[in-house]
Each structure stands twice: as C-alpha cells, then as structure tokens.
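The values are calculated or read from the model by the stated rules, or taken from the named source; none is laboratory data. Fair warning: this is a prediction, and the values are worked out from it, not measured in the lab. All Cβ positions, even for glycine, are placed from backbone atoms using ideal geometry, and neighbour counts span all protein chains on display. To get the accessible areas, we keep the full protein, side chains included, count just its heavy atoms, and leave off ligands, DNA and RNA. Shrake-Rupley method; radii C 1.70, N 1.55, O 1.52, S 1.80 Å.
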Amino acid sequence: MTLSLGLLRSGLLNRRINQPANQVLRLHLAFSSASPSPSDPSAAAAGPQTTIREGKVEIFLDESNSVFYNKTQVNNRDISIAVLRSFILKRHEEYAARSRKAGPGDTTLSAQAKYKEPKVLEALAASGLRAIRYAVEVDGIGEVTAVDNNEAAVEACKKNIQHNGSLASSKVVPHHADARVYMLTHPKEFDVVDLDPYGSPAAFLDSAVQCVADGGILMCSATDMAVLAGGNAEVCFSKYGSYPLRGKHCHEMALRILLACIESHAIRHKRYIVPIISVHMDFYIRVFVRIFTSASTVKSSPLKLAHVYQCTGCNSFYLQNIGRIHSKDKENIAVPNFRLTLPEVCSECGHQFVMGGPLWSYPIHDKVWAASILSDIHAMREAYPAYPKISAILSSVSEELLEAPLFVSLHNLCAILKCTTPTMVMLQCAIRNAGYQVSGSHVDPLALKTDAPMSVIWDIMRCWVKLHPVKHRPGNHPGNVILSQEPKFQAKFSRVLGASVTRKRARFMPNPEKYWGPGTKAGRNPRTFQMDNRN
C-alpha cells in the first residue's frame, strides 16, 4: 500500500482529525462556516471550502498547500500582536512628549510631532492571516500592506481579506511583488516591518532595515535552527557572517547571531538597533528591535559585538568585545580591543579553545517593555489563542539577567564531573552567596545566567563534589582534571532571599498536541513510498 509521509505533518493530520467523521455533518459545517460570497462566481463554482479560525479572524484552508499556513505559528502571531499593541502605546507616549516639548506656539515642531497611525508591512504575507489579524485585532493601527511574490498567495490573501469584512478590507492592502524590491523602493515608509520567512531571513535584512521608519520596529523570525545552532557552521557564516558554537546555550547564541547580523546591515546605512524582546520558541527564534538613525551612535557598534571562546573539553566560555573605548577619547568612539588574556589551553581542564561569533553581547531584552507586554497579555488573555505559551515565555524573559550573555547548564556541569545533581535553588544560592547575580533563561529550564566567571562556577561544583563524592575514574577526562584542583573558596549552599522564583507560574509549556512543528513549505507535495503489506 501507499503510505503518505505527509500525514505525519501537523497541518494535514490535524485537518483530518478535527473534521467530523459523519459526512453529512462535515458538509453542513463546511457550508455554514465557509460559504462563498455571492459576488465571487469562481468561489461559487468551486463549492464550499473549509475555514480556519484564529483569534477574531477566519481564513480559507488551502488543501493543495500552494499557499503556506502553519498553525504552530500561532505563538509567533500572538506575541507579535502583543508587541504591536505595546508599540502603539509607546508611540502615543512619545508623541505626547514631543508635543509638550514643542509647545503651543511652535507650529513647525508641532507639525513634525503630529501623530500618525503606524503603517505596517508584512513582507511575506502568504495567506494574509497575520496581516488581517493585525488590522482586525490591534486598535489604533494604520494601513497594513501584505506583500507576497506568489500569485496564488496574493489571490488567497484577497479572498481572506474580503471574507473578514469591512474592517479588514479597509485596512489590509495586498500587493504582488518581490519583498526585497518593494522594501528598497519604500525607504523609511513603514513603522512596523514583519519578516517571517520559511527558513533564513538573511536575504531580506538589508532592504528591511532601510524600509523601517526612524524609531519603528523590525519583527524578524528565523527557522533555520540547524544552521544557527551549530549544525552547519560554514552555512551560518555565509548567511549571517558569524560562526555558531555547539553547546546548551546554542539557542541563545542563535538569537545573538541574528541580532548581530541585523546590526551589521543597519550600520551600513547609519542606523542602529535597540532590542525589545528576543525569544526562542518551538522550532524558531523571533526578535523585535527598534531601528534608529544616528551616524554618531553607529560608531559605538563594535562595543555591542563580541567573539566567544569556548573550551572543547569542559565547555567553559569567555567573551571578548570587538571594540573598546579609549580612555583619553572624549567622543567615546570605539577602537579595536586588546587581545583576550586567555592561556593557550583551558586552565580548568587543559583542552583547547574554539572561537565563535561575532555575536550581540548587549542585552537582548528591554525589561520595561517586557513587563508592559506581559501586563497587556494578562489583561487581555481572551484575545490570545496561545495565551498559556506566550505568557510563560514572557514571564521567563522578564526575569532574565540582562548583563549575562549566554549561560551554563546545570546538567552539563554535572555530566562533565559525573556527579549527582544539586537542585537549581541550591546552585543559585551558592552563586548569590559568592557575591554574584544569577537567573534562569526562557531558552532552557536548566539554564543559569550569571555574571560569575567560569572559575567561580567550577569552584562551586568542586565544593559540591566534596560534599557528594564521586568514584575516581582513570584517564585525562576533563572532569578528572577539574576535580584534581582545590577550590579557592568554600561555597555556601544555604538558602538566600531571592534565589528562587517566588511567583508560582508556568515558565515552560509542553506542546499542545503531537507532531507540533514546522509545516511543509508551500508548493511541496507529501512524499510517498511503497510498503510491502505481505504478512
């Protein structure tokens, strides 16, 4: 018999599961939820279509997969709507501040400070679901332009716009165009530019940073995680200009590589980025950055980028910024940094270092924005289909230590030493008792983000092993070399205030259903193979 591998894909599988088994009932639901408009003869000829509802929007399901739709990106769309709502409030505050500065008699400055509803560009619209949700669900939004280079996608977008009534029809404008060309020919025109490609956004970044208005937001996704997380280092360098490193922190490193890549494109045009939030969700990463224009600020860009040196034995890592500020320079212009003072081999285990980056070393979140977005989500939880997931992620984001690029993993530390595992609270207490800050990460439930140097982390683990001895194993294993050294101080594992999270709220949500992952790229048919059915 012929077994379709495509049935394992979440979209096709869920479509079959969610449809009623009774043929009469299925037809009744199809007619009632997806009746074609009387003014659309082509839709009437084609017969009833199945629809998909997300939030306040309903779109037609394309069963041929000629137009891409992925239900798992509901998390992506929901968190984007939350950021967009927060951005509109921020724009109102900035407008009010400019108006106060201008004064009633300053007509020139008052005209410049005139508030305009933010214009949004969805550069890769596909079915138009995201653009329509922006128009229908976000109050105070201006025109939403939906661009796609696929004729079938543009036609589907038009039908979905019409299907969602007058509000969507009045605000969403579909265009059939190459997104790169369209963005290049509309410089600084859009307050919000949304890039959510199937794979890497690298080809669109140079035109996108030019298309965003000053102070506007670029929302950018990347789903090529095998590349960004270290599986194909040479491909990552060719696309993003950076080398990734394997490790438990690879997904945060992917975020920082993407931010560094966006910054590198922006500074070519005398622009720079300010991250709002940067998240890893499911199978992709998503960053939200504001873009400003300032030739003088661009000169300090090397201070925000760093190379990372990681030990090949114990995974200890050290960061070195590309630039530094000259002590006698009053203009604070960055100059090349000095060589990182590291030994030839790791002082902890004796193995060599491998170098990665450059990556973004400044904070990847704005805690004020994160708190504002989280508050909005709690207040309007019914408006977000993916409320449990996005509220959990933003709760973790709001608690992260900002001045600690990358993190160490509790299980990785214990795996190297072959020792029993302390609780997260105990290790956090030991780090705080040593005089350093520590937090978790939204990327990994076992992550420890801290400003403590790696030598302090390993000394704490040496003290833990003294309390919980391990069997001696012969050989030059990194764990043996680390434990052969005496700790330089005595770690205290007693509880301290603030070491654990006091608010009991979920930080890491399981997938809502089986096969939750990326859908099949538009235009691809499920592959089949022959299976011998003989017993």
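Per residue, segment 219-355 exposes 42 Å² of solvent-accessible protein surface, assessed with a 1.4 angstrom probe and all protein chains in place. Summary of packing: across the peptides 353-361, 94-102, the per-residue average of other C-beta atoms within 10 Å ranks them, highest first, as 353-361, 94-102. With a Förster radius of 56 Å applied to the C-beta separation of E344 and S99, the computed FRET efficiency comes to 0.40. Spin-label model, A226/K188: points 7 Å from Cα along the beta carbon direction are separated by 4.2 nm. Between V368 and H468, the contour length at 0.36 nm per residue exceeds the alpha carbon distance by 31.8 nm. Per-residue SASA remark: K248, around 110 Å² accessible (1.4 Å probe; ligands, DNA and RNA not included).
With all protein chains kept in place, the per residue accessible area of segment 413-485 amounts to 42 square angstrom at a probe of 1.4 angstrom. Classify segment 227-371: rounded, prolate or oblate, from the alpha-carbon gyration tensor (a ≥ b ≥ c, eigenvalue square roots; a/c under 1.5 rounded; otherwise prolate if a/b is larger than b/c)? Oblate, since a/c reaches 1.5 and b/c is not below a/b. Using θ = phi - 60° in the Karplus curve 6.51 cos²θ - 1.76 cosθ + 1.60, the 3J(HN,Hα) couplings for segment 334-344 round to 6, 10, x, 7, 6, 5, 5, 7, 10, x, 5 Hz; x is entered for Gly and Pro. When the residues S398, S409 are ordered by accessible surface, computed with a 1.4 Å probe over the protein chains alone, the sequence from largest down reads S398, S409.
As a calculated quantity, the FRET efficiency between H175 and A233 at R0 = 35 Å, using C-beta atoms, amounts to about 0.40. Is any residue of segment 346-383 close enough, with backbone N under 18 Å, to a label point placed 7 angstrom from the Cα of N476 along the Cα-Cβ axis, and if so, which? Residues 346-354 qualify, since their backbone N sits under 18 Å from the label point.
Rolling a 1.4 angstrom probe over segment 67-187 with all protein chains present gives an accessible area of which 53% lies on carbon and sulfur atoms. Taken one residue at a time, the phi angles of segment 250-256 give Karplus couplings (6.51, -1.76, 1.60, θ = phi - 60°) of 4, 6, 5, 5, 4, 4, 6 Hz. Gly and Pro are set to x. In the assembled protein chains, R324 presents an accessible area of approximately 60 Å² (probe radius 1.4 Å). A 1.4 Å probe over all protein chains sorts E486, E137, E382, E117 by accessible area into E382, E486, E117, E137, starting with the largest. Only protein atoms count toward the accessible area here, which uses a 1.4 Å probe; on segment 273-414, the carbon and sulfur part of that area reaches 57 percent.
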